[in-house]
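Here's the structure we're looking at; comments come further down.
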Amino acid sequence: MKALKDMNNVERGYLLANLFPDELTGIMDAIEGIHYNLVENKDTITKEWDNGTITVDFWYSLAHEVYSNVTRQRKQLLKSRRFADQLFDGYNALFTIECISKYAEEHRDGSKFHFMVNALFNY
């Protein structure tokens with residue numbers, strides 16, 4: 001196995017899915033919920049956007065792509081390889097990691113899952 005510092009996002013997503021397969025449904029639910037919130041509050045979010053790294057339009061395109069993958073492939077995404085390949089590939093990883101971090105913080109705070117998410121993605 002590679003050292004954590006040498007792993008890419010797809011490999012980290014695959015590891016997380018293998019270690020915590022029972023969390024995949026909760027993660028996908030969180031992605032859907034966060035996407036819904038983005039859509040419902042688009043005007044406010046767009047007006048208050050202050051991320052200098054990416055534009056709000058790019059963030060929304062990532063959100064729509066990841067959400068689309070979840071809704072179209074929900075059952076297939078319960079397989080760790082598919083989960084990692086579809087949700088952590090390229091820039092999609094930005095939105096997916098944000099959703100997973102929020103899910104871990106809000107729903108699994110203090111759990112092994114929460115600590116693993118922080119170790120893998122918030123180092």
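Quick note: the coordinates plus some simple rules give every number you see, no bench work behind them. These figures come from a predicted structure and were not determined experimentally. Cβ: placed from backbone, ideal geometry, glycine included. Neighbour counts: every protein chain shown.
How many of the residues making up the range 54-93 are aliphatic (A, V, I, L, M) and within 18 Å of Ala17 (Cβ to Cβ)?
The number of residues fulfilling the criteria is 7.
Output the qualifying pairs, or none if there are none: Cβ atoms under 6 angstrom, residues six or more apart or on different chains, first residue in the range 15-40 and touching a residue at least 12 places away in the same chain (Cβ under 8 Å) and under 23 Å from Trp59 (Cα atoms), second residue surrounded by fewer than 16 Cβ atoms within 10 Å (Cβ to Cβ) and charged (D, E, K, R).
Close Cβ pairs satisfying both conditions: none exist.
Give me the pairs, please: first residue somewhere in the range 1-14 and farther than 17 Å from Ser80 by Cα, second residue anywhere and of a type outside the set (S, T, N, Q), beta-carbon distance under 7 Å, and either six or more positions apart or on two chains.
As it stands, the answer is Lys2/Glu11, since those pairs meet every condition given.
Can you list the helices (runs of 4 or more DSSP H) found entirely within the range 48-123 that contain at least 3 residues being among the small types (Gly, Ala, Ser) and closer than 20 Å to Glu32 by Cβ?
56-73, 92-107
Scan the range 90-123 residue by residue and report those that are surrounded by fewer than 16 Cβ atoms within 10 Å (Cβ to Cβ) and within 22 Å of Thr55 (Cβ to Cβ).
Residues satisfying the conditions are Gly90, Tyr91, Lys102.
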